[in-house]
Amino acid sequence: MPWRQDVLVDFRGVVGKLSVGDDFSLGVLVRVLLFAANAVCTAQMWRYFLKALQHGSTPVCTILNTGTNFAVSGICGALLFGEAISALWLTGAAFILAGLTVIATDPTVSMT
């Protein structure tokens, strides 16, 4: 369930960036709707994060949340805003995913 929260937080970032960005071609109504979508995504993000905490341990939920958020943010930034993903960024992402895998598959970490 943490992935739902991460997708919402990244979508919140996208609509937030659009609602307060420097693109003045967007009308006031569109900006207000994007800002409202930002608020809805924030509320849903907290809802799913709290549900994830009910089903798993706090460290595991937080680590999975952070790693997934990092990956989805990078993908959204590249696809929607044309942000560059460098070799250094990919290397860091690979290390983060490797660390998440080690932690999530560690039998000594309680999942409940």
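Express the relative contact order of segment 46-112 as a whole percentage, based on alpha carbon pairs under 8 Å and six or more residues apart in sequence. Intermediate values should be presented prior to the final figure.
Details: 27 pairs, mean separation 33.4, N = 67.
Relative contact order of segment 46-112: 50 percent.
Counting only protein heavy atoms and using a 1.4 Å probe, what share of the accessible area of segment 22-79 belongs to carbon plus sulfur, as a whole percent?
73 percent
Quick check for you: with a 1.4 Å probe and neighbouring chains kept, what is the accessible area per residue of segment 31-109, in Å²?
Ligands and nucleic acids excluded, the result is 63 Å² per residue.
I need the shape label for segment 50-112. Rule: rounded when a/c is under 1.5, else prolate if a/b > b/c, else oblate, with a, b, c from the alpha carbon gyration tensor.
Oblate is the answer for segment 50-112, as a/c is 1.5 or above yet b/c matches or exceeds a/b.
Just order 91-100, 46-55, 69-78 by mean Cβ neighbour count inside 10 Å, highest at the front, would you? Spell out each step's value before the answer.
Details: 91-100: 12.9, 46-55: 14.7, 69-78: 16.6.
Output ranking for 91-100, 46-55, 69-78: 69-78, 46-55, 91-100.
The values are calculated or read from the model by the stated rules, or taken from the named source; none is laboratory data. Quick caveat: nothing in here was measured; it's all calculated off a predicted structure. Every residue, glycine among them, receives a Cβ derived from its backbone with ideal geometry; neighbour counts consider all protein chains shown. Side chains are part of the model used for accessible areas, which takes the heavy atoms of the whole protein and leaves out ligands, DNA and RNA. Shrake-Rupley method; radii C 1.70, N 1.55, O 1.52, S 1.80 Å.
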